[in-house]
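Student: Below is the structure I would like to discuss, written out as C-alpha cells.
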Amino acid sequence: MRHGAAGASRDLSPVGPVAYPNDACACSLCAAAINSLSETLLAGGALVVLLTLLVYADTLRRVLSRTVPVAAKTHTAFVISVYPVVALATLCAVVVPRAQLLAEAVTQGVFMAAVYQLWCLLVAYCGGEAELIRRVKPGSLNPRVGPCCCWPCCRLPLLAVTKRNVRLLRVLVLQLPVVQGLLYLVLLVMWAEEESLYEVNYMYLQPIVVLSILTGIWGLLMTIKMLSTVLASHLVLGKFLALQAVLLLAKFQGLGARALAWYSLLPCNPPLTPTVYANLMYNTAMLVEMLLLALFARTLYSKDIPDLTDGLAQGESPPSPVCVIEVSTQKDLSASPTKESNNNNNGIADETKVSYKF
C-alpha cells in the first residue's frame, strides 16, 4: 500500500518546465530584432544629423559672403542654427530614451531664442531702430494681426511708429525665451525630483506656455506687417514660416505621438513600452523634417537681398529736409549816369537774390 501510494504521489507530481526552450528562442529573436532596428535607426539618424550640419555650414558660408551688415550676419547665423541643434538634441533622445524631456526643452528653448534673433535680424536689415522708424514713417503699426487680434471683434486702434512702440514690440518678443526658459527649468526640476510630480503639474503650466507663445508670435507678426513694404525683397514671411514650422511640428507631432500611446494603439514589448515607441516615431520624423527645413532655409538665406544700410555704412548721413529762404534786394539805377547809358531799361531795378539753407 505504501508503495502504491508512493507511486500515486509520483504520478501526481508536476512534469517539469513547459516550453522553456521555445520561450528562450522567442526572446532571443525579439532581442535580435530590437538590436537590428536600433542599429538601423542610430545609423540613419546620425547620417541625417551629419547632412543637416553640412547644409548649415554651406548656408552660413553663403550668408557670410553676402553684402549685408555685420549685425545681420550674426543674427542670421543664430536663426539658421536652430535646425542642427534640434537635430542633435533629437538624436540624443533616440540614443537615450530617458532624455526625451531634456531634448524637448532644448528644442523649445532654441526656437524661442531664434524667434527673438529673427526680430533683431529684421531691425538689422533696416539699419537699427532709428532707421527703422525713419523708413516706416508715415506708416503705422497695426495690432490687428494674428494670432491674438485677428478676430472681427478686435477693434484695437492703429499705433504710431515711435521709439516707445518699437521697444514694446521688442519686449513682446523677448519675453518668449525668458518665460519659456523659466517654465521648462521648473518642469525639469520637478521631473528630476519625481516623475509623477512633473506629470501632475505639467497641465497646470501649459496655459502660461501657450499665452507666452501667442504673445511673442503676435509681436513678431506686427513687426513683419509693419515692415512689409520696407523689406519687400527680403523674403521676411518665408523666413518666419521656416522658423515657425519647428514649433508647429514639435508641438503637434508630439501631441499626436502621445495620443497613440495613451489610447494603446502601439505595441507593448517590454522593455519597449508604447511611450518608447511613440517617442521613437516622433524623433525619427523630427530628424527628417529638420533636414528638409534646413534645405528650405538655405534657399531663403542664400538669395541676394538689397543692403538698405549701404549709404550709412559709407559715412553718408540720412537725407534731411532743407529750408531755403530767399532774400530779394532792389537797387534804383536811375540816379547813376554811367549805368544809365549802358542800361537799355532805365529806371528798372536790379534784383539780387541771396539764398540761405538750413
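The values are calculated or read from the model by the stated rules, or taken from the named source; none is laboratory data. Nothing here was measured: the structure is a model prediction, and the numbers come from that model. Positions of Cβ are generated from backbone atoms using ideal geometry, with glycine treated the same way; all protein chains shown enter the neighbour counts. Remember, those area values only see protein heavy atoms, side chains included, never the ligands or the DNA or RNA. Shrake-Rupley method; radii C 1.70, N 1.55, O 1.52, S 1.80 Å.
Student: Output the residue which, of all residues in region 299-318 that are open to solvent by 70 Å² or more (accessible area, probe 1.4 Å) and charged (D, E, K, R), is modelled with the lowest pLDDT.
Tutor: Among those that are open to solvent by 70 Å² or more (accessible area, probe 1.4 Å) and charged (D, E, K, R), it is Glu316.
Student: For region 193-210, enumerate the residues that are closer than 30 Å to Cys120 by Cα and touching a helix residue (DSSP H, G or I) at 6+ places or on another chain (Cβ under 9 Å).
Tutor: Leu205, Ile208, Val209
Student: Moving on. Is it the case that Asp58 is modelled with pLDDT of 90 or more and of a type in the set (Asp, Glu)?
Tutor: yes
Student: It is to be established whether one or more residues within region 241-259 are at pLDDT below 85 and more than 28 Å from the chain's Cα centre (by Cα).
Tutor: no
Student: When Val230 is evaluated against the numbered criteria (1) exposed (fewer than 12 other Cβ atoms within 10 Å of the Cβ); (2) under 30 Å from Arg66 (Cβ atoms), which criterion, by number, is the only one it fails?
Tutor: Condition not satisfied by Val230: (1).
Student: Ala160 passes all but one of (1) within 22 Å of Ala232 (Cα to Cα); (2) at pLDDT 85 or above; (3) surrounded by 15 or more Cβ atoms within 10 Å (Cβ to Cβ); which number fails?
Tutor: With respect to (1) within 22 Å of Ala232 (Cα to Cα); (2) at pLDDT 85 or above; (3) surrounded by 15 or more Cβ atoms within 10 Å (Cβ to Cβ), Ala160 is out only on (3).
Student: Then there is this: Would you check if there is a residue in region 181-203 being assigned to a helix (DSSP H, G or I) and closer than 17 Å to Gly219 by Cβ?
Tutor: The answer is no; no qualifying residue exists.
Student: Another one. Regarding region 188-208, can at least one residue be identified that is modelled with pLDDT of 90 or more, closer than 30 Å to Arg164 by Cβ and either within 16 Å of the chain's Cα centre (by Cα) or buried (at least 18 other Cβ atoms within 10 Å of the Cβ) (or both)?
Tutor: no
Student: Condition first: of a type outside the set (A, V, I, L, M, F, W, C), surrounded by 14 or more Cβ atoms within 10 Å (Cβ to Cβ), assigned to a helix (DSSP H, G or I) and touching a residue at least 40 places away in the same chain (Cβ under 8 Å). Can you find one or more residues in region 240-247 that meet it?
Tutor: no
Student: Sticking with this one: Scan Gln180, Gln175 and give me the residue that is among the polar types (S, T, N, Q) and crowded, with 17+ Cβ neighbours inside 10 Å.
Tutor: Gln180
Student: Could you count how many residues in region 48-84 are within 17 Å of the chain's Cα centre (by Cα) and either of a type in the set (D, E, K, R) or open to solvent by 50 Å² or more (accessible area, probe 1.4 Å) (or both)?
Tutor: 4
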